[in-house]
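Taken together, the values in this text are just the output of simple stated rules run on the coordinates, not laboratory data. All values derive from a computational prediction rather than experimental measurement. Every residue, glycine as well, gets a Cβ built from its backbone with ideal geometry; the counts of neighbours run over all protein chains shown.
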Amino acid sequence: MEKQTMNHLSVDDVKQMLLYVGETITASKDYLGQIDAEIGDGDHGTGMATGAEAFMKKLRESEFETINDVFKTTGMEMMKSMGGASGIIFGTMFSDGVKQLESKSSIDHTGLADIFRGSLDSVKKRGKADVGDKTMIDALDPAVQTLESDASKEWTLTEVLKHAEEAAWNGVEETKQITAKHGRAKTLGERTKGYQDAGATSVWLIFKSMREWVEQHEG
Amino acid sequence: MKKIMNQEENVMEETLQGFIDAYAADYERVDGVNGVIYRHMDPDKVSVITGGGAGHEPLFVGFAGKGLASGAAMGNVFAAPNPDTILEVTKAVENKAGVLYIYGNYAGDVLNFDMASELAEMEDIETRTVKVSDDVASASKENKEERRGIAGDVFVIKAAGAAADAGLSLDEVTRIAAKANENTHSIGVGISPGTSPGKKAPMFELPDNQIEFGLGIHGEKGIRRAEMMSADDLADEMLDHLLADAALESGDEAVILLNGLGSTTLMELLIVNQKVHKELLAKGITVYDTDVNSYCTTQEMGGFSITILKLDEELKTYYDAPAHSPYYHK
């Protein structure tokens, strides 16, 4: 294993990283549930944990040739298992980013930026939502933008992911200022102000746990 | 809130198993997913599939049956079914003549049914969709397609099931279902919240002396909060909203559904019904049929909805057609 600065992720690295993401989501079930309960129906934590358990099981029992397969499998398992709007949306976030991408067995931070750009575009299209609608896009969009703007920098993966994580968190903070326009929270209108969006919080957790995994596996 | 249940994660599984155990002669479980199908289907006819989150029993499972839906795809409590479940139910019903999906208009249901529809097309199964949008409190009349689906599911499934049973083509069954949806308008009033199984807190806050007009079946915000009022005053205010929106006039014929939300008693519903009838009669509207029941519930939520299906000769034919499930008879 590479003990120095980590600049590339192998197929197995991506698998291990996503397993760590899954464990973080599962451990955050109650936290996400409580956030959702304020303005939604409180099932976001349970839903995300169901999806995480499904993709972790599939990742553990499968062999992968490409990074594309790891991401695609993760997303498909979420879509198949979760239900609700978040099953499709988070499934799309993992599965669709690699769709237009040539098969890869190693990626650097430019590759990650490409993948999550594809994810973001697909999520926006499928969810018919955009920045400012108080959805997970409010965290994913700024995270992807920093990934893209950092792609040309001579940064380590940890630094790049840390920056994306911060951008996602700022997005989560901004959702507190927004009135919901999508999903069940939409019907609560003004009452949703002051509360952060649960889906955006999940996006932040995903970037945070990817950063943590990479950081722990650097020298 | 006390609730008769086992582990939270088994609520859906055990609900479906209980249903199958009770009615195994007429229904079977779809392998590996939270879906059921009605056993006695005609291979030459269109199949209607309904579905949605659990917790609204007897919808949606209880609206599979003769002259109704052929199958139901269920999600977890108050969460849309996943595409895999919908696809497996689609493959399990008779599907050579095509499949019509009918479900309440919620973001999660739309995303999952649309994806299932794409997957079904890949397996050469033709599908159509009618989203039920009867709740007049959830969006303006001009934005009917944005409205939520509540108890009106019953009339749309009834009309589509009857049209399918009559041997109509997929496009015709879809047209009838869409027409039934256009002619179906509902409004609800919530007087107390329900509790999602396994959750400690109620689904939403509503002070003891307060009610909410137009409250959605998951606690979504309605039109206005008010002090608790008499049954007659409730009926008056709800009919004002409904009749204006449904464009019902003297001489029209309609079917009325008074739907309890879970903890509201039949006695309360009947008290409201006498006022509804009195008002409709005074306005010259003929009540062709009345159904006082609790089909679309939200656990122990208190309150009810009034649904009006405006009839024409075509819809009357399909409304009158025989239908049967353990929870619905016509």
Notebook entry, point to check: P(r) of chain B in 10 Å steps, Cα pairs, percent per bin?
Noted result: 6, 28, 36, 23, 7, 0
Margin query: Taking a virtual spin label 7 Å from the Cα of B:E14 along the C-beta vector, which residues in the range B:44-74 bring their backbone nitrogen under 16 Å of it?
Written below: B:55
Margin query: Rounded to whole Å, give me the distance from the Cα center of the range B:189-251 to that of the range A:8-85.
Written below: 37
Notebook entry, point to check: Length gain on complete extension for the stretch A:D12 to A:R60, per 0.36 nm per residue less the alpha carbon to alpha carbon distance?
Noted result: 16.2 nm
Next item on the list: Any of B:K2/B:K200; B:K179/B:K283; A:K29/A:K181; B:K141/B:K278; A:K72/A:K104; B:K131/B:K158 with alpha carbons more than 20 Å apart? Name them for me.
Entry: B:K179/B:K283; A:K29/A:K181; B:K141/B:K278
Notebook entry, point to check: What number, in percent, do you get for the relative contact order of chain B if the mean sequence gap of Cα pairs under 8 Å and at least 6 apart is divided by its residue count?
Noted result: 18
Notebook entry, point to check: If you take the Cα Rg of the protein assembly as shown and divide it by 2.2 N^0.38 Å, with N the number of residues, what do you get?
Noted result: 1.01
Notebook entry, point to check: If you wrap the range B:8-182's Cα atoms in a convex hull and average its projection over all directions, what's the area in nm²?
Noted result: 9.2
Check: When only Cα pairs under 8 Å and 6 or more residues apart are kept, what is the percent relative contact order across the range A:82-219?
Finding: 23
Check: Between A:K153 and A:T5, what length comes free when the chain is fully extended (0.36 nm per residue of separation minus the Cα-Cα distance, one decimal in nm)?
Finding: 51.8 nm
Notebook entry, point to check: Stokes-Einstein at 20 °C, 1.002 mPa s, Kirkwood radius from Cα pairs: D for the range A:1-109 in µm² s⁻¹?
Noted result: 148
Note to self: Give the residue list of GluC sites (Glu not before Pro) in the range B:43-136 that are DSSP loop and have at most 12 other beta-carbon atoms within 10 angstrom.
What the structure shows: B:E123
Notebook entry, point to check: How big is the antiparallel share of DSSP beta bridges in the protein assembly as shown, given as a percent to the nearest 5?
Noted result: 55
Next item on the list: Output the Cα-based Rg and Dmax of the range B:184-318 in Å, rounding Rg to one decimal and Dmax to a whole number.
Entry: 15.1, 49
Check: How do B:S47, B:S325, A:S149 rank when sorted from fewest to most other Cβ atoms within 10 Å of their own Cβ?
Finding: A:S149, B:S325, B:S47
Checklist line | MRE, 222 nm, helices only [DSSP H, n ≥ 4, -39500 (n - 2.57), over the protein assembly as shown, to nearest 500] | finding: -15000 deg cm²/dmol
Notebook entry, point to check: Going through the DSSP H helices of chain A, which span 15 Å or more along their own axis at the Cα atoms while scoring at least 0.5 as a mean Kyte-Doolittle hydropathy?
Noted result: A:84-95
Next item on the list: Mind checking the range B:143-243 for trypsin sites (Lys or Arg not before Pro) that DSSP puts in a loop (not H, G, I, E or B) and that have at most 16 other Cβ atoms within 10 Å?
Entry: B:K200
Notebook entry, point to check: Taking GluC sites (Glu not before Pro) that fall in a DSSP loop and have at most 12 other Cβ atoms within 10 Å as cut points, what is the longest piece of chain A between them?
Noted result: A:155-219
Note to self: How much of the DSSP bridge set in the range B:1-110 is antiparallel, in percent, rounded to the nearest 5?
What the structure shows: 40
Notebook entry, point to check: Quick one: B:I306, B:I191, fewest Cβ neighbours within 10 Å first, how do they rank?
Noted result: B:I191, B:I306
Next item on the list: Using the Kirkwood radius over Cα pairs, work out the Stokes-Einstein diffusion coefficient for the range A:9-216 at 10 °C and 1.306 mPa s, in µm²/s as a whole number.
Entry: 95
Check: Near B:K91, which lysines are there with a Cα under 20 Å away, not counting those fewer than 8 places off in the same chain?
Finding: A:K80, B:K45, B:K66
